Amino acid sequence: MSNCLCCGPASPGRRGFLASAIALAALPAWGQTPPTSAGPADSGLVEDLVAANRILYDQGVVDGFGHVSVRHDKDPNRYLLARSMAPALVTRDDILEYDLDSAPVDARGRTSYLERFIHGELYKVRPDVIAIVHSHSPAVIPFADTAVPLRPMNHIAGFLGAGVPVFEIRDTAGPATDMLIRNPSLGHALAATMGTHSVALMRGHGSVAAAQSIRHVVFRAVYTEVNARMQSEAMKLGTPTFLSTEEAAAAAKTNDGLVDRPWELWKQRALGKA
Ligand code: MN
């Protein structure tokens, strides 16, 4: 028997009313029908997403907080992200599918990350982006909280060369938020600040990295943190000479062809095989 989620069964009695109430409770808070699924994602893609969660923890980018997503390989209007949990504990079964409004296709009773809108809203405006990391990695925060720009210290961080914008949540939502990107409009504002850049910082909070694949975005998230440590050290000694815009662009192009090398190492290490 079909039971319409909007109007309940054809002959509503008390049982029908209860069934409708239960069905409505399972819907997203804004009362819309859940989005349809794009179908099963590529198995290797899901494996990489699980590995990325483990690697980002092992490399000190995420801790109990932070997340990594990837666009669905069958539909650019869907993305994959773990349920709300510590990244180091993510398994294949924890991966959920979302539409770009960040509504889960089928939450299976699981909680979603409050800040999933970082992912959905950036995917909407950046068709070039296939994977996104949000983290609170600690060496980066000083550059989000001061006027000192994060700039590329060495060739590995060439992807920072076009500049690293800083998102100020007060400009969008006033002086009294909990700092979280907890709705679509905040996600949209963050994406607008990020523009076409690879990385954006979030004042008082963390950062976002975006790239053309899971492996590339993990590379960028790891080396954003490494670069921030290097830059803080260098600034204790004097005034660093940073890569020029041209050097950074050339280095980034080279490095984009080399991301599989650290990925294999990090993956084996994070999965306990190295
Ligand atoms: Mn956060």
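The values are calculated or read from the model by the stated rules, or taken from the named source; none is laboratory data. This structure is a prediction, so every number in the text was calculated from the model and none was measured. Positions of Cβ are generated from backbone atoms using ideal geometry, with glycine treated the same way; all protein chains shown enter the neighbour counts. Remember, those area values only see protein heavy atoms, side chains included, never the ligands or the DNA or RNA. Shrake-Rupley method; radii C 1.70, N 1.55, O 1.52, S 1.80 Å.
Here are a few things to note about the model shown:
- Summing Lys and Arg as +1 and Asp and Glu as -1 over all other residues whose Cβ lies under 15 Å from the Cβ of Met85 gives a net charge of +2.
- Rounded to two decimals, the Cα-based Rg/Rh of the chain, with Kirkwood Rh, is 1.04.
- Cα-derived Rg over Rh, computed across the range 201-274 with Rh taken as Kirkwood radius: 1.02
- Magnitude of the charge dipole for the chain, about its Cα centre and with charges confined to Cβ atoms of Lys, Arg (+1) and Asp, Glu (-1), is about 460 debye.
- For the chain, the relative contact order comes to 20 percent (Cα pairs under 8 Å, sequence separation of at least 6).
- Computed 3J(HN,Hα) for the range 40-52, one whole-Hz value per residue from the Karplus formula 6.51 cos²θ - 1.76 cosθ + 1.60 where θ = phi - 60°, is x, 6, 3, 4, x, 5, 5, 4, 5, 5, 4, 4, 4, glycine and proline marked x.
- For Ala211, the residues whose modelled amide H falls within less than 5 Å of its own, excluding neighbours fewer than 5 places apart on the same chain, are Ile130, Ala131.
- Just checking the listed ones, Gly60, Gly238, Gly195: in the Gaussian network model of the chain with Cα springs under 10 Å, the one fluctuating most is Gly238.
- Accessible area of the range 151-207 belonging to carbon and sulfur atoms, whole % at 1.4 Å probe: 54 percent
- The 3J(HN,Hα) values that the Karplus relation (6.51, -1.76, 1.60; θ = phi - 60°) gives for the range 193-206 are, in residue order, 5, 5, x, 9, 6, 7, 9, 10, 9, 10, 4, x, 8, x Hz. Gly and Pro appear as x.
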